[in-house]
Amino acid sequence: MPGIVELPTLEDLKVEEVKVSSSVLKAAAHHYGAQCDKPNKEFMLCRWEEKDPRRCLEEGKLVNKCALDFFRQIKRHCAEPFTEYWTCIDYSGLQLFRHCRKQQAKFDECVLNKLGWVRPELGDLSKVTKVKTDRPLPDNPYHSRPRPEPNPAVEGDLKPAKHGSRLFFWTM
């Protein structure tokens, strides 16, 4: 029925949360963006195509899993330089990177040496990319309305308007 909305169960929505602050997210953003690029873009594509978040729960769980795995690896291999870096960002007033370049260099070096992750160049993560997906294309991915029927042909002779054109003022 069109009036009934089916909601997912609490079990469908249950995931382990990524419990980190904004400074931690900001400090990890570049490496996280590079490591979890595919699940994030897959999720955003699903959200855009489906226009219904309930249909993208599995993709959302994959994004969450990727984030948890990412932060666990950072904690296991580079906890000390990462903590120095995000703490610097946290205490630098407006959370600006420019005050913490020394700590950033130590963190990037640790990540490169121990995990083999290279910090992406500025602008790499914002480039337009095609996402290869196994999900089937929805019925109407662009959510466009059906085309209206064309106006019927007018039969007979058309007479000019009784009081002239509406555009008379503009044609003077």
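Here is a list: Y32, Y85. Which entry is open to solvent by less than 90 Å² (accessible area, probe 1.4 Å), of a type in the set (S, T, Y) and under 15 Å from the mean Cα position of the chain (by Cα)?
Result of the check over Y32, Y85: Y32.
Only one of G123, G116, G164 is modelled with pLDDT under 80 and open to solvent by less than 80 Å² (accessible area, probe 1.4 Å). Can you tell me which?
Only one candidate qualifies: G164.
Of all residues being in contact (Cβ under 8 Å) with a residue 60 or more places away in the chain and in a helix (DSSP H, G or I) in the stretch 3-29, which is surrounded by the fewest Cβ atoms within 10 Å (Cβ to Cβ)? Just the residue, please. Working first, answer last.
Narrowing the stretch 3-29 to residues in contact (Cβ under 8 Å) with a residue 60 or more places away in the chain: 21-24, 26-27.
Checking the rest, the ones that are also in a helix (DSSP H, G or I) come to 22-24, 26-27.
Working: S22: 11, S23: 17, V24: 20, K26: 16, A27: 28.
Taking the candidates together, the pick is S22.
Consider T129 carefully, then state whether it is loosely packed, with under 14 Cβ neighbours inside 10 Å, closer than 19 Å to C36 by Cα and in contact (Cβ under 8 Å) with a residue 12 or more places away in the chain.
Here the answer is yes, as T129 does meet what is asked.
Return a yes/no flag: does the stretch 133-146 have any residue that is charged (D, E, K, R) and open to solvent by less than 60 Å² (accessible area, probe 1.4 Å).
yes
So which residues in the stretch 95-150 are of a type in the set (F, W, Y) and assigned to a loop (DSSP other than H, G, I, E, B)?
Narrowing the stretch 95-150 to residues of a type in the set (F, W, Y): 97, 107, 117, 142.
Across the stretch 95-150, the qualifying residues are W117, Y142.
The values are calculated or read from the model by the stated rules, or taken from the named source; none is laboratory data. Model, not experiment: these values are computed from the prediction. Glycine gets a Cβ as well: all are built from the backbone with ideal geometry, and neighbour counts include every protein chain shown. Surface accessibility is based on the protein's heavy atoms, side chains included, excluding ligands, DNA and RNA. Shrake-Rupley method; radii C 1.70, N 1.55, O 1.52, S 1.80 Å.
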